[in-house]
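Participant: Could you have a look at this structure, given as structure tokens, before my questions?
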Amino acid sequence: MLSIKDLTVNVGDKQILKGINLEIKAGEIHAIMGPNGSGKSTLSHVLSGKAGYDVTGGSVMYQGKNLLDMMPEIRAREGVFLAFQYPVEIPGVSNIYLLKAALNAIRKYHGLSEVDAMDFLTLVKHKVKLLEMDEKFLYRAVNEGFSGGEKKRNEILQMAILEPKLCILDETDSGLDIDALKVVAEGVNSLRSNDRAFVMITHYQRLLDYIKPDFVHVLAHGQIVKSGGAELALELEEKGYSWVENQVVA
Ligand code: ADP
Ligand code: MG
Ligand code: MG
């Protein structure tokens, strides 16, 4: 599904990612952990196609195609979904309008007709209920005045509606109380499937108590310095990031 090779990225004249290698297959959940400032969000932004990140070397292949050649909206239509660390507010645009427009854009790209208005409403209300959200959120402006937990739930709602193939969640757990964290985790777990992969970016081990990753990678100073199974997250929790940071060969 995703193959990242020797990826180097600059922001301005500063090298942030220093040769990232990562192979992600459909059905897998990969956690990327690491200290603040290690480059986790930079990696997610590069994958989403955000401006301002200069790829200076390496490659990113997504489902056999060069991801870096695709415009951000094409990446989304091809099934790449990014839940940002800081979700944007869109004043004046209702949540339900955005969801429908986004779903229809994806459907159109794949040669499908617009979703029936009543079917869409039924679908959205069903998902809202599953995520224990208030229906009122559908009619409020996107993320405007949403609490941290509400924004994160809303991102899971978007994912549940758009059914992406590759879901990248950047610190979806930060700022969540334990109840919201469980709802988000249940949302992700319910979306797990053999044809979908997840990249969970997180600073803390806590989220991984509820979403069990197949692989854990530690990013430090722009490099993946250690990879392992779910047990690596527990080891990190116990020993702290300095344990692996000191293993950087640079
Ligand atoms: P993380 O998400 O792991 O906390 P980031 O990817 O946000 O780390 O940041 C990695 C490094 O890149 C940090 O040193 C940060 O200051 C720097 N950086 C990220 N974005 C920018 C930017 N737009 N301009 C300048 N420096 C940036
Ligand atoms: Mg950070
Ligand atoms: Mg970050």
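Participant: Restrict the check to the range 127-137 and report whether at least one residue is under 27 Å from Val46 (Cβ atoms) and either modelled with pLDDT under 90 or within 16 Å of ligand 1 (Cβ to nearest atom) (or both).
Facilitator: Scanning the range 127-137, I find no residue that is under 27 Å from Val46 (Cβ atoms) and either modelled with pLDDT under 90 or within 16 Å of ligand 1 (Cβ to nearest atom) (or both), so the answer is no.
Participant: Here's something else I'd like to know. How many residues, within the range 63-73, are under 20 Å from Gly111 (Cβ atoms) and either open to solvent by 50 Å² or more (accessible area, probe 1.4 Å) or in contact (Cβ under 8 Å) with a residue 40 or more places away in the chain (or both)?
Facilitator: The number of residues fulfilling the criteria is 5.
Participant: Could I ask something else about it? Among (1) at pLDDT below 95; (2) under 30 Å from Met61 (Cα atoms); (3) among the small types (Gly, Ala, Ser), there is one condition Gly111 misses while meeting the rest; what is its number?
Facilitator: (1)
Participant: Going residue by residue through the range 73-82, is there one that turns out to be under 22 Å from Glu155 (Cα atoms), within 16 Å of ligand 3 (Cβ to nearest atom) and within 15 Å of the chain's Cα centre (by Cα)?
Facilitator: yes
Participant: Go through the range 169-194 residue by residue and tally those that are among the β-branched types (Val, Ile, Thr), over 20 Å from Gly39 (Cα atoms) and either surrounded by fewer than 18 Cβ atoms within 10 Å (Cβ to Cβ) or within 16 Å of ligand 2 (Cβ to nearest atom) (or both).
Facilitator: Within the range 169-194, residues that are among the β-branched types (Val, Ile, Thr), over 20 Å from Gly39 (Cα atoms) and either surrounded by fewer than 18 Cβ atoms within 10 Å (Cβ to Cβ) or within 16 Å of ligand 2 (Cβ to nearest atom) (or both) number 1.
Participant: Still on this model: Would you mention how many residues in the range 133-168 are open to solvent by 30 Å² or more (accessible area, probe 1.4 Å), over 26 Å from Tyr62 (Cα atoms) and out of contact with any strand residue (DSSP E or B) (no Cβ under 8 Å at 6 or more places or on another chain)?
Facilitator: 9
Participant: When the residues of the range 45-61 are narrowed to those that are free of Cβ contacts under 8 Å to residues at least 60 places away in the same chain and of a type in the set (A, V, I, L, M), which ends up nearest to ligand 2 (Cβ to nearest atom)?
Facilitator: Val46
Participant: Working only within the range 3-44, note down all residues that are under 21 Å from Asp209 (Cα atoms) and within 16 Å of ligand 2 (Cβ to nearest atom).
Facilitator: Listed by number, the residues that qualify are Ala31, Ile32, Met33, Gly34, Pro35, Asn36, Lys40.
Participant: Just checking, which of Phe198, Phe215 is within 22 Å of Tyr62 (Cα to Cα), open to solvent by 60 Å² or more (accessible area, probe 1.4 Å) and not polar (S, T, N, Q)?
Facilitator: Phe215
Participant: Got a sec? Which of Gly34, Gly58, Gly79 is more than 15 Å from ligand 1 (Cβ to nearest atom), open to solvent by less than 30 Å² (accessible area, probe 1.4 Å), of a type in the set (Gly, Ala, Ser) and in contact with a strand residue (DSSP E or B) (Cβ under 9 Å, 6 or more places away or on another chain)?
Facilitator: So the residue among Gly34, Gly58, Gly79 that is more than 15 Å from ligand 1 (Cβ to nearest atom), open to solvent by less than 30 Å² (accessible area, probe 1.4 Å), of a type in the set (Gly, Ala, Ser) and in contact with a strand residue (DSSP E or B) (Cβ under 9 Å, 6 or more places away or on another chain) is Gly79.
Participant: Does at least one position in the range 26-40 carry a residue that is in contact (Cβ under 8 Å) with a residue 24 or more places away in the chain and part of a helix (DSSP H, G or I)?
Facilitator: yes
Participant: For the range 83-104, which residues satisfy the criterion of being open to solvent by less than 50 Å² (accessible area, probe 1.4 Å), touching a residue at least 12 places away in the same chain (Cβ under 8 Å) and away from ligand 3 (no atom under 16 Å from the Cβ)?
Facilitator: Once the filter is applied, which keeps residues that are open to solvent by less than 50 Å² (accessible area, probe 1.4 Å), touching a residue at least 12 places away in the same chain (Cβ under 8 Å) and away from ligand 3 (no atom under 16 Å from the Cβ), the range 83-104 yields Val93, Ser94, Asn95, Ile96, Leu99, Ala102, Leu103.
Participant: If I go through the range 99-116 residue by residue, how many of them are touching a helix residue (DSSP H, G or I) at 6+ places or on another chain (Cβ under 8 Å) and not aromatic (Phe, Trp, Tyr)?
Facilitator: 10
Participant: Let me ask something else about it. Which count do you get for residues in the range 183-238 that are over 21 Å from Glu155 (Cα atoms), more than 14 Å from ligand 1 (Cβ to nearest atom), in a strand (DSSP E or B) and touching a residue at least 60 places away in the same chain (Cβ under 8 Å)?
Facilitator: 2
The values are calculated or read from the model by the stated rules, or taken from the named source; none is laboratory data. Being a predicted model, the structure only gives us computed values, none of them experimental. As a convention, Cβ positions derive from the backbone with ideal geometry for all residues, glycine included, and neighbour counts pool all protein chains shown. Heavy atoms of the whole protein, side chains included, go into the accessibility calculation; ligands, DNA and RNA do not. Shrake-Rupley method; radii C 1.70, N 1.55, O 1.52, S 1.80 Å.
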